[in-house]
Structures are given as structure tokens and as C-alpha cells.
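Here's the structure, in C-alpha cells; my notes come after.
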Amino acid sequence: MTLPVLEALRRHAGCVVLEDGTRGWHAEELLAEVEALATRLHEGRVRVLATLLDNGVPWIVAELAAAQAGCVHLPLPGFFTPAQLRHALQSAGADALLLAPAHAAAFASLPAADLGLAGTPLAWLRLPAAPVALPPGTTKLTFTSGTTGTPKGVCLGAAAQQAVADGLAQATAALAITRHLSALPYALLLENIAGVLAPLTQGATTIALPLAEIGLAGASSFDPARLHAVVERTRPHSLILLPQMLRAWVGWLRGNTRRAPESLRLVAVGGAAVGAPLIEAAQSLGIPACEGYGLSEAASVQTLNLPGAQRPGSAGRVLPHARLRIAADGEIEIAGSLFLGYLGESAPVPAWWGSGDLGHVDADGFVHVHGRKKQVLITAYGRNVSPEWVETTLRGDDAVAQAVVFGDGEPALSAVLWPTREALPDAALQAAVARANAQLPDYARVQRWCRGARPFDASGGMATPNGRPRRAAILSLHAAALGLAAPALETP
């Protein structure tokens, strides 16, 4: 298979396209590694290559080699539970697994061979999997975390992924970004499209470091001091962050009377609602933070604010590869770079994909996302309220790190709050609620709240791996404190 990214690498021979913290990798060196692994995959008749790897050059080699060999790449996040890993491998029909030695113990019952890839020792396993029917043209399987414990497989083709990478490159051309630091796991679609495919296609340099060096551990533990030190040392022009990572970095800069390094030209933020106060706080500290919006079913990012063309509080304008419209009921619909279908489902993908998100486009073309369609609360007084709207307002306060709002069928809204610092007293959270309520209409104000029993993170079962709250689990844990009925929980 001839891939635009491989053709681009051949054109950029002699250029350093990757840095791994130890050395720079020229385009021709990367191509040699890709060709060697692609040959092994082809000769081994691998159909679906699963990888369980940290960020680094081997992950990128595996991504490109799988496409070159005509097999499907199944990137597995390191933070998936053993049950989620088994589900992903079995449902995808993965017949080969490439993983770091640290993960090999989980597969000790299977025979493994040693494989050196890009100078890194790895384990290579052949899995006893039966072929699984996939939509024609599938080159990547990405698993969305969803709201329950069972991830859902999204089948993507090469053309859709390349379209997003090209659209991002076109939209950001004026920023002259030639150095990108990967701060999110490559197993997350956003980073592997915007942080790997897009820079490599343009001949830019991707800085691929182990996640622990960046300060990210698991799905939710983040050390902003480590990120700041890496940004100062490597001088990237761009990086991508989740909202909680940005919030932590802003708090660290404020607490240490520091500013972000001047090399940064774009810090894209996505994965969940960000809100104007956090974006503006980041920008005041030298972080060129710009919120975007996307979904796995459209091969990642679809809209993005950009320096000089932004509206804090919005998700930005539609990128060149995408088309977006608002349905009669307010749902955002997407076209232009859609997926090929869900794993295990035969339903065809419509020309316009309903995102499940509610929103509107303002007169200047900026897209505003109001929240999930299925999560709209209807109060006992018949008022429709998007909980994400209220939650974003609460998180806009310096005292509130995380907030989840409830109130379907209730006369007033309730919230579970997690403070930005555990030492903050309840009085500080009460004052934050009062400040948020002053910005909201009466029907959307929080009348009752409690402090979270633990952080809303994936390790504790309170959030999905990309940070979205598991609302039923949070309500079940805090129902008594809020005076609400506990929900029935789905079994992962």
C-alpha cells in the first residue's frame, strides 16, 4: 500500500522527523524500520496487529508498518484494564501482539519471542484468534471508552485519517509549526492523528518521549512540573492537552510565578469541555491554548480555535476537511472524514453522522457545544438543562477542579465537586457554587452539593480513560449525600 505519509517521508530524506530524548531519527532511518517490520507482518500473514506500547519510536514504526503491510492496527491504551484488553483483542480478532516487556506478564500463558524495534527490546506474540469481519478498507481500530466498562470499536480507513491530518496542516500553516511534543498517549486517536500523522506528512519533527517523562501516569495522574520541564528543554511549537492537564499546568505556573516557554505557538485542548475562564487564564500565562472538538467516528478533530481566530468558550471554526451542520433538534452532525462502521455491527454509516452532542454555530462560524443530547436533564419544572453547561461554569472557578451535575426529574440541581486542592475547605467550594450560580439562570443553579469521596478518575472507576465522568458511578457513590436515589449500574 502506498501511503501519503510514507511518500512524504521519502521526500524529506535527510530531515530529522522524530526525537526520542536520546537521538534524532532521520526520515530514511524511520523508513528502514518501517520496511523491516512491514516485511515481518507480511511474511507472517498478520491480519490485525495489536500494540501495547508506551509513546516512542516503536509505536510509530508499528503504526506505519501495519498500514504498509496491509493489516489493521489496533493500538491498546496502557490504562485499559485486563478485562478491557481481552475484550478488545478478542472482538477485533487480533492475531499478533507487540508489547513492552513490562506488560508481558499479563500474557505469560502465550509463547513470546523477543523483537528489537527501533533499538528497543519488545515482546512479540502470535494470538490464537479467528478472523473477524471488518468493513472493507479498515486500517485502524480505535476503541472509545464510552460510559461503561466495555469499550466500543471504531473502524477507520486510511483516507479519513489522512484527510484530518491534511486539514490540520492546512489550518495551522500560518503558525509554521515544525516541532510537536506528544503529551497524550499515542493510543488515543487525537494524538496519533494530530501528533504523529500530521507532523510526519509535513516533514515536521515529532518529539516522542515516554509518558512518565511528560508527567502522565495511567489515565489520570499528571505532574505539570514534569511537563513544564520537558517543554522548556525540547522547545516545541505545539502540543495537545486534555482540559485537566491544562488546568493543572495553569495552577502550577500561578503557584510558581512562572510563564509558559515562548517557543509554544499552539496548545490544542480537547476531549471534554474547557470553558472560557480556563482558556483565558492559560493565555494570560503564555500558553496559547485553543479549544477544539472532534469524535472518533470522524477520525478525530473537526473544529479548532486558532491564535488570531478564536472565541474562548467555543470549539472554534470547522477545519478544511470537515463539514458540520445543526439538525432540527440541535444535534451536531458531521461529514467529510467519517469512519467505516462499528466493530461487530453491519449498519451502514450515513452521509451525515449524528454526534450525540447538542450545539449551535454563531454568526461568525464558531461552533458552540452545549453537551450530550442523551444527558440533557429535565427538571421537575419541565426545564431542559445540559449538565455540561453547568459543570463548565463550576469548573471555571479556581476552587473547582471537577464537577458533575444531576437533577433529572428533581426540583433543583445537585452537584458533586472535587476541589483544585484537597486542603481547600468546604466554605471555599460553597463560595464557588455561589459564584457559578450568579452566572446561571435560576432553573440551572445548583441548590445542593457535596464534596467528592474521591477524584473522578479512571483508576477509581469514576471516569472514562479520556476523562469523561461516569455519571452513574458517581451518583451511586454520592446519592445518599445528595438525597437522591442511587441508579442501577451497568456491569462492565
Between Pro58, Pro75, which is out of contact with any Phe, Trp or Tyr (no Cβ under 8 Å at 6 or more places or on another chain) and touching a residue at least 12 places away in the same chain (Cβ under 8 Å)? Pro58
State all residues of the stretch 395-433 that are under 21 Å from Gly255 (Cβ atoms), outside any strand (DSSP E or B) and in contact with a strand residue (DSSP E or B) (Cβ under 8 Å, 6 or more places away or on another chain); if no residue qualifies, say none. Arg395, Ala399, Thr420, Ala428, Leu429, Ala432
Please pick out the residue among Ala94, Ala27, Ala36 that is at pLDDT 95 or above and within 25 Å of Leu134 (Cβ to Cβ). Ala94
Test: Ala66 is touching a His at 6+ places or on another chain (Cβ under 7 Å), in the same structural domain as Gln161 (by TED's automatic domain parsing), part of a helix (DSSP H, G or I) and surrounded by 20 or more Cβ atoms within 10 Å (Cβ to Cβ): yes
Please go through the stretch 344-358 and give me each residue that is of a type outside the set (Asp, Glu) and surrounded by fewer than 22 Cβ atoms within 10 Å (Cβ to Cβ), ordered by number. Gly344, Ser346, Ala347, Pro348, Val349, Pro350, Ala351, Trp352, Trp353, Gly354, Gly356
Quick one: how many residues across the stretch 308-327 are among the aliphatic types (A, V, I, L, M) and buried (at least 19 other Cβ atoms within 10 Å of the Cβ)? 5
Note: among Arg259, Arg247, just one is assigned by TED's automatic domain parsing to the domain that holds Gly359, basic (Lys, Arg) and surrounded by fewer than 23 Cβ atoms within 10 Å (Cβ to Cβ), namely Arg259
I'd like to know if the stretch 449-458 contains one or more residues that are part of a helix (DSSP H, G or I) and at pLDDT below 95. no
Quick one: which of Ala123, Ala173, Ala96 is without any contact (Cβ under 8 Å) to a residue 60 or more places away in the chain and surrounded by fewer than 19 Cβ atoms within 10 Å (Cβ to Cβ)? Ala173
Going through the stretch 404-442 in order, the residues found to be of a type in the set (Phe, Trp, Tyr) and out of contact with any Gly (no Cβ under 7 Å at 6 or more places or on another chain) are Phe406
Residue selected from the stretch 378-394 under the condition β-branched (Val, Ile, Thr) and part of a helix (DSSP H, G or I), by the criterion nearest to the chain's Cα centre (by Cα): Thr392
Determine, yes or no, whether Leu74 is in the same structural domain as Gly24 (by TED's automatic domain parsing) and part of a strand (DSSP E or B). yes
I'm told Tyr381 meets every condition in (1) over 18 Å from Ile474 (Cα atoms); (2) modelled with pLDDT of 90 or more; (3) of a type in the set (Ser, Thr, Tyr) except one. Can you identify the failing condition by its number? (2)
Within the group Ala174, Ala169, which residue is modelled with pLDDT of 95 or more and in contact with a helix residue (DSSP H, G or I) (Cβ under 7 Å, 6 or more places away or on another chain)? Ala169
Across the stretch 186-240, what is the total count of residues that are in a strand (DSSP E or B), in contact (Cβ under 8 Å) with a residue 60 or more places away in the chain, buried (at least 21 other Cβ atoms within 10 Å of the Cβ) and under 19 Å from the mean Cα position of the chain (by Cα)? 3
Can Leu3 be described as surrounded by 20 or more Cβ atoms within 10 Å (Cβ to Cβ), under 25 Å from His180 (Cα atoms) and in contact (Cβ under 8 Å) with a residue 60 or more places away in the chain? no
Condition check for Trp418: in contact with a His (Cβ under 8 Å, 6 or more places away or on another chain) and among the aromatic types (Phe, Trp, Tyr): no
Hey, Ala479 out of contact with any Phe, Trp or Tyr (no Cβ under 8 Å at 6 or more places or on another chain), touching a residue at least 12 places away in the same chain (Cβ under 8 Å) and aliphatic (A, V, I, L, M) or not: no
If I go through the stretch 241-268 residue by residue, how many of them are of a type in the set (S, T, N, Q) and either touching a residue at least 60 places away in the same chain (Cβ under 8 Å) or touching a Leu at 6+ places or on another chain (Cβ under 8 Å) (or both)? 2
Leading residue by the ranking (nearest to Asp329 (Cα to Cα)) among those in the stretch 384-417 that are of a type in the set (S, T, N, Q) and buried (at least 20 other Cβ atoms within 10 Å of the Cβ): Ser386
Residue set Ser337, Ser346, Ser355; condition within 22 Å of Ser91 (Cβ to Cβ), hydroxyl-bearing (Ser, Thr, Tyr) and in the same structural domain as Ala298 (by TED's automatic domain parsing); output residue Ser346
If we keep just the residues of the stretch 292-307 that are of a type outside the set (A, V, I, L, M, F, W, C) and either in contact with a helix residue (DSSP H, G or I) (Cβ under 6 Å, 6 or more places away or on another chain) or not assigned by TED's automatic domain parsing to the domain that holds Pro224 (or both), which is surrounded by the fewest Cβ atoms within 10 Å (Cβ to Cβ)? Ser296
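The values are calculated or read from the model by the stated rules, or taken from the named source; none is laboratory data. Values in this document were obtained by computation on a predicted structure and should not be read as measured data. Neighbour counts are summed over all protein chains in view; Cβ atoms, including those assigned to glycine, are modelled from backbone coordinates with ideal geometry.
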